[in-house]
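Only one structure is covered here, and it is reproduced in the block below.
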Amino acid sequence: MTPAVIASVETMLEKWKGQEGKEIEVFQEFRLLTSEVISRTAFGSNYLEGEKIFAMLKELSIIMSRNNFKTSIPLINKLWKHDDMLKSEELAKGIQDCVMKIVKKREDKFVNGEADSFGNDFLGLLVNAYHDSDENNRLKMEDLVDECKTFYFAGQDTVNSLLAWIVLLLATHGDWQDKARREVIDIFGNRNPDSEGISKLKTITMIIYETLRLYGPSNGLQRRVTRKVQLGKLVLPANIDILVQNIALHHDPHHWGDDVHLFKPERFEEGIAKATNYNAAAFFPFGLGPRSCVGMSFAITETKVALSMILQRYTITLSPAYVHSPMPILAIRPQHGIQVILESLHNNA
């Protein structure tokens, strides 16, 4: 998938030409980039085709965040639905219709002989399962739509936030920006990143991990207790939901020391295990155990590619207009965006 990521980053960088010395709001820029990447790689389409889905998912995530800790009474909800519930149902129906249009387009290509299969990307695998001849293995329409919603949202929103926070931290820590750029140029020169070189980016990896610790895309992991279990001194009954606040563990001075709130990528110089003193629960931005995020490698690779290509071309400084206000809406987002000023490294080229 790396060539598709590179092509999307090149499109973004082409748009940045002529913006040198001017203020750019990178959170929005990366939103368009990551939307294009997940559309290309998982769904064989482009941002414009999924634009409506992204917009509805964003609106749905805002509604969900403001209702996360409200208690609902089932009987009353059937008799009277508040505005947020009505809007969320409308959005869910809209998302389902849009996803099924994309599925129908893929089905039609196969039926009309324009393609010899449903495809081998993520959408192709889902459509194959949707048409499985064995009814026991067949994917239901609701599950197909839910899988698409998850990949569209998680595949875009998390990397969007991660890239934006990394750019902020590099803009305010010039020493680490210089180290990262030296590493990128030592490995790739002016060439586009490749898989072999990506695996050698040690400094960039340290920066990514430290950013995930400070501003991890997920500010909590929801889990359902399926059977009664003892968790330390707590006894948790079956069928309750718990929220595991990984962000609290990532900011715990007991694990990370008194400088826990400072950006210090050197913590990860000898890897995650050494940084956490071999405590797996001290750092898990992508979850833990069998339910850890299946998109982790993809997200890290996409971040490394985008960051490498930016550092090859620009120095980054923070705009005076920036206002620091991280806000949890499923992911940790900058409430007022992240404004930076880019200066080209190749003005004379």
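Pairs exceeding 19 Å between alpha-carbon atoms, taken from K101/K140; K58/K93; K202/K264; K17/K202; K104/K140; K15/K149: K17/K202; K15/K149. Which residue, Q96, Q28, Q222, tops the fluctuation ranking in a GNM of the chain built on C-alpha contacts under 10 Å? For the chain, modelled as a Gaussian network with Cα springs under 10 Å, the answer is Q222.
Relative contact order of the chain: 24 percent, from C-alpha pairs under 8 Å at least 6 residues apart in sequence.
Where only DSSP H runs of four or more residues are counted, the chain gives -17500 deg cm²/dmol as its mean residue ellipticity at 222 nm, each run worth -39500 (n - 2.57). Projecting the Cα positions of L33, M309, H261 onto the charge dipole of the chain (unit charges on Cβ atoms of Lys, Arg, Asp and Glu, taken about the Cα centre) puts H261 furthest along the positive direction. In the elastic network of the chain, a GNM with C-alpha springs shorter than 10 Å, the most mobile of T211, T11, T301 is T11. Candidate cross-link partners of K105 among the aspartates and glutamates, defined by an alpha-carbon separation under 12 Å and a same-chain spacing of 8 or more, comprise E49, E114. For the residues I185, I338, I310, a GNM of the chain with alpha-carbon springs under 10 Å puts the largest fluctuation on I185.
Each value in this text was obtained by applying a stated rule to the coordinates, not by laboratory testing. Quick caveat, the model's predicted, so the values are computed rather than measured. We place every Cβ from the backbone using ideal geometry, glycine too, and count neighbours over all the protein chains shown.
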